[in-house]
Amino acid sequence: MTDPTILLFSYGTLQQDEVQLSSFGRLLHGEDDAMTGYTTSMVEITDPEVLRASGKRFHPVVIPSNNPSDEVPGKVFHITEKELKAADAYEVSDYKRFEVTLRSGRSAWVYVQA
């Protein structure tokens, strides 16, 4: 496996062991962080593979907030390019990948509302 040099921020189901195992074939070790200036909403998932992996019909999705003090807590994972493509395949069309600066100052990929 190549070095996990890509940062991926997860506030939702990508933190679940069963989703990580089905998407990446391994468990990821994350560090606490947060997205500032965002809040969460919920989106209904209809993709059978995502429903099977997550076990959840409704998933959180982040949206920009008008309040800069709003925060969405989550985990930062160090992943490979191949694993980023696997995360892209897991996320449904309600999400798009976007690069953000986290509270820690690190830049990471995250899936936001499409």
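So how strong a dipole does segment 24-114 carry about its Cα centre when Lys and Arg Cβ are +1 and Asp and Glu Cβ are -1, to the nearest 20 debye?
Working: 11 positive and 14 negative charges, 35 e Å.
Roughly 160 debye for segment 24-114.
Roughly what % of DSSP beta bridges within segment 1-112 run antiparallel, to the nearest 5? Around 95 percent of the beta bridges assigned by DSSP in segment 1-112 are antiparallel ones. The protection proxy used here, the mean number of other Cβ atoms lying within 10 Å of each residue, ranks peptides 63-70, 50-57, 6-13, 19-26 as follows, highest first: 6-13, 19-26, 50-57, 63-70. Over the chain, the reciprocal of the mean inverse Cα-Cα separation, the Kirkwood hydrodynamic radius, stands at 14.2 Å.
Each of T39, S54, F9 was placed along the dipole of segment 8-66 (beta-carbon charges, centred on the mean Cα), and the one lying farthest toward the positive end is S54. From its DSSP helices (H runs of at least four residues, each -39,500 (n - 2.57)), the chain gives a residue-normalised ellipticity at 222 nm of -6000 deg cm²/dmol.
Each principal axis of the Cα cloud of segment 6-56 was taken in turn, and the coordinate range along them, longest first, works out to 32, 26, 15 Å.
Please report, as a whole percent, how much of the solvent-accessible surface of the chain comes from carbon and sulfur atoms (probe radius 1.4 Å). Numbers along the way, then the final one.
Values: 3140 of 6300 Å².
The computed percentage sits at 50.
What the Kirkwood sum gives for segment 49-114 is a hydrodynamic radius of 13.5 Å, with every pair of different alpha carbons counted.
The values are calculated or read from the model by the stated rules, or taken from the named source; none is laboratory data. Bear in mind the structure is a predicted one, so any value in this text is a computation, not a measurement. A quick note on method: Cβ atoms are made from the backbone with ideal geometry, for glycine too, and the neighbour counts reach across all protein chains shown. Ligands, DNA and RNA are stripped out before the accessible areas are found, and what is left, the full protein with its side chains, is counted by its heavy atoms. Shrake-Rupley method; radii C 1.70, N 1.55, O 1.52, S 1.80 Å.
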